Amino acid sequence: MAYLLGVDTGGTYTDAVILNEVEDRVIASAKSLTTRPDLSLGVGRAIDAALEQAGIDAAQIGMVSLSTTLATNALVEGQGGRVALIFIGFEAAELARAGLEEAMKGDPVVRIAGGHNHAGAEATPLDLVAVESAALRLGPEVTGFAVASAFATRNPAHEIAARDAIRALAHRPVTCSHELSAGLNGPRRALTAVLNARLIGMIDGLITACEAHMEARGIVAPLMVVRGDGALVSASLARERPIETILSGPAASIAGASWLTGETEALVSDIGGTTTDVCLLQDGKPKIDPLGARVGPYRTMVEAVAMRTTGLGGDSEVHLIDGLETSLKLGPRRLMPVSLAARDWPGLVHDALDTWLGTDAVGEHDGRFAIPMWKDGPPTGLAPREAAVAERLLAGPMRVVDAVRTRLELPALMKLVSRGAVMIAGVTPSDAAHVLGRLDSWDGEAARKAMTLFAKRRNGRGDRIAPGPEALATRIVDQLTRQTVDCLLEAAFAEDGQSWPDEAAEALARHALTRAAFAGHSGVIRMSASLGVPVIGLGASAPSYYGAVGDRVGARMILSEHAGVANAIGAVVGQIAMHAEGIVTSPGPGIFSAHLPAGPARFADQAAAIHALETALSEEATSRARASGVEEMRLSVVRDIREIEIEGQPMFIEARLRVTAQGRPRIAVG
């Protein structure tokens, strides 16, 4: 009998579950803290605990499947490696489109002559010498390259030539935009390639950690990774295209929610340490976003579930909003809870908190600690101030006031945070839950001290923001409830069937009339509102917070027994689905150009061009599915042939084809 092992690595916890494939039931589940920078420790502990609980031999595992929120969290928090964009055949002004310039965050952009036109013909010869010069110059400074060329989806020749040159000279990972999307929006393709290049090191590290522990335990089984649309892909493909794992964890959670509850119509809300992910379940399946996955401020060209991801979680940063009255806001950045930091560094945290509590005034950075997250030293290519802060942190975790000695060094510290090299520890909802007795995972006494210190801060009137730790903790949990309700209502308005744009959905969710209706206002006007579908709450902390959320939105709140490991369950109940897309255009009368994976080919007959493209795409999708372990597969073809009528006669414009090869992955039988 074969068993299936699902692993989900989140910002705070790594979960592992084991399913009995024949009986279709969970026989073991376990959690371990996600251990950065060495992910293998957390992954290994979760797997070992699940195997011990199941009482089975590791050799009986027939398949391992991995989902993660690491890529999603990195994009929400603006983290990732330093990359260079090779921008071929584009004008400088196009950097301002699709949020590309903002996404670069000051990383190098090299504009290169080259590119093709809409028909796939070369517009300008590629300046390969400039590409080689950039590769040699920037290779030592970056972790990877992104290559985007004008109309590369019509002819990828220049991207392929640039990729080969960079790999040969810089010995760094290279992402080509045409490999990630068949769409024409050049700046958005470039944005997607940049984000992919930024994530490669992170996802490669996770896959390597999982593979190493599988080998150490004697698990001889294929390793799959959940893609953002919920399908499974091979580990090797996920390494090349980590951008496709954004929303991997949420996509797995949707599959897990459906499997656990049997619900077919519901809003699924998954709270993690960093984000809250909300998706509509319809007919038992998640909706797919036709515009591409949107995570934080970025709209990518990656096909994924229609998920609304917000930087709100159990470990969200607590902000005090300045003003005469005291107000709080949570997120979007994740902090390490003080209670967790105290568990690992009790002397540092308790001594510092006791010192701060011994004074009346509370400093700007009191209660905060800087935690280095590197394994083999700080990252390369640091600016002088960043290097100075990193050098101090070589001694280990310390108070922020000791890591930053001038105001000019604070941005340098935050740059290290954005690169994932350093993490800040401070007050979070998880600490509030410890103070209120809803959690007891870490150091509750440290949480109480940190909450007491935070409560001593003063508002614009000079009053303390809270009379004590319990009062402040209650306000933080109430704020998490309010912001979670906003997330649910945004998704509800967006999915209600009305033609409201995203901005309208957000405004409606926060409108005074909406708030009054959900609060059951009764006066001269009587108002009421509620969600029309139940809410499935997922995440380890969902039982701590989501009861009040259900009451606020007037909906049935479903919290299943295994809600805390739904992502890991969803990781092993999916199927492999490999897509290949292409287009046929007509650059002139009687000429039909099939834009094949290897480049454009011309035909004198429309049907012949479409047949050639369909054959090539079928071969590509089938090959990728086989490489991922599918033996018995189903092929499906979607054809979108666009024509216009001129003088009563149809005129061909273009044909878009999408071939999907789908099936269950091969299960190893010991």
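Some observations on this one:
Yes/no matrix, rows are residues, columns are (1) closer than 26 Å to residue 661 by Cα; (2) in contact with a Pro (Cβ under 8 Å, 6 or more places away or on another chain):
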residue	(1), (2)
172	no, no
182	yes, no
187	no, no
190	no, no
198	no, no
208	no, no
220	yes, no
223	yes, no
232	yes, yes
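- Selection within the stretch 512-547: residues that are in a loop (DSSP other than H, G, I, E, B), of a type in the set (S, T, N, Q) and out of contact with any strand residue (DSSP E or B) (no Cβ under 7 Å at 6 or more places or on another chain). The member of this set that is farthest from residue 487 (Cα to Cα) is 528.
- Scanning the stretch 623-642 for residues that are of a type in the set (S, T, N, Q) and outside any helix (DSSP H, G or I) gives 628, 636.
- The single residue among 338, 305 that is touching a strand residue (DSSP E or B) at 6+ places or on another chain (Cβ under 9 Å), within 21 Å of residue 426 (Cβ to Cβ) and not polar (S, T, N, Q) turns out to be 338.
For every residue, the table says whether it meets (1) more than 30 Å from residue 335 (Cβ to Cβ); (2) of a type outside the set (Phe, Trp, Tyr); (3) without any contact (Cβ under 8 Å) to a residue 60 or more places away in the chain.
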| residue | (1), (2), (3) |
| --- | --- |
| 72 | no, yes, no |
| 89 | yes, yes, no |
| 99 | no, yes, no |
| 103 | no, yes, no |
| 120 | yes, yes, no |
| 134 | yes, yes, yes |
| 145 | yes, no, no |
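- You will find that of 218, 228, 205, 249, the residue that is of a type in the set (Gly, Ala, Ser) and on the phi > 0 side of the Ramachandran plot is 218 and no other.
- Considering residues of the stretch 403-421 that are within 14 Å of residue 384 (Cα to Cα) and in contact with a strand residue (DSSP E or B) (Cβ under 7 Å, 6 or more places away or on another chain) only, the residue modelled with the lowest pLDDT: 416
- Members of the stretch 640-664 that are within 30 Å of residue 4 (Cβ to Cβ) and β-branched (Val, Ile, Thr): 659, 660
- Selection of helices (runs of 4 or more DSSP H) fully inside the stretch 1-108 by the criterion of at least 2 residues being at pLDDT 85 or above returns 39-54, 100-104.
- Residue satisfying condition, being under 29 Å from residue 567 (Cβ atoms) and in contact with a helix residue (DSSP H, G or I) (Cβ under 6 Å, 6 or more places away or on another chain), within set 43, 131, 110, 76: 43
- Residue, farthest from residue 233 (Cα to Cα), within the stretch 562-596, restricted to residues that are assigned to a loop (DSSP other than H, G, I, E, B) and touching a residue at least 60 places away in the same chain (Cβ under 8 Å): 562
- The stretch 93-113, subset more than 20 Å from residue 80 (Cα to Cα) and of a type in the set (A, V, I, L, M, F, W, C), residue surrounded by the most Cβ atoms within 10 Å (Cβ to Cβ): 112
- Test: residue in the stretch 233-246 that is hydroxyl-bearing (Ser, Thr, Tyr), in a helix (DSSP H, G or I) and in the same structural domain as residue 51 (by TED's automatic domain parsing): yes
- If you check 645, 654, 620 for being outside any strand (DSSP E or B) and either over 17 Å from residue 575 (Cβ atoms) or in contact with a Phe, Trp or Tyr (Cβ under 9 Å, 6 or more places away or on another chain) (or both), only one passes: 620.
- Candidates are the residues of the stretch 213-233 that are touching a helix residue (DSSP H, G or I) at 6+ places or on another chain (Cβ under 6 Å) and small (Gly, Ala, Ser); the one that is surrounded by the fewest Cβ atoms within 10 Å (Cβ to Cβ) is 218.
- Among residues of the stretch 327-339 that are without any contact (Cβ under 8 Å) to a residue 24 or more places away in the chain, those with a Cβ under 7 angstrom from a residue that is surrounded by fewer than 23 Cβ atoms within 10 Å (Cβ to Cβ), sequence gap 6+ or separate chain, pair up as 327/321.
- A count restricted to the stretch 482-516 and to residues that are more than 29 Å from the chain's Cα centre (by Cα) and surrounded by 17 or more Cβ atoms within 10 Å (Cβ to Cβ) stands at 2.
- Residues located in the stretch 338-350, provided they are surrounded by 11 or more Cβ atoms within 10 Å (Cβ to Cβ) and assigned to a helix (DSSP H, G or I): 338, 339, 340, 341, 342, 343, 344, 346, 348, 349, 350
- Evaluated against (1) assigned by TED's automatic domain parsing to the domain that holds residue 294; (2) in contact with a Gly (Cβ under 9 Å, 6 or more places away or on another chain), residue 97 falls short on exactly one condition, (1).
- Applying the condition of being of a type in the set (A, V, I, L, M) and more than 13 Å from the chain's Cα centre (by Cα) to the stretch 234-250 and asking which residue is surrounded by the most Cβ atoms within 10 Å (Cβ to Cβ) yields 238.
- Flag: residue 189 matches the condition of being assigned to a helix (DSSP H, G or I), surrounded by 20 or more Cβ atoms within 10 Å (Cβ to Cβ), of a type in the set (D, E, K, R) and at pLDDT 90 or above.
- Test: residue in the stretch 153-166 that is in contact (Cβ under 8 Å) with a residue 40 or more places away in the chain, basic (Lys, Arg) and part of a helix (DSSP H, G or I): no
The values are calculated or read from the model by the stated rules, or taken from the named source; none is laboratory data. Values in this document were obtained by computation on a predicted structure and should not be read as measured data. With ideal geometry, Cβ positions are generated from the backbone for all residues, glycine too; neighbour counts draw on all protein chains shown.
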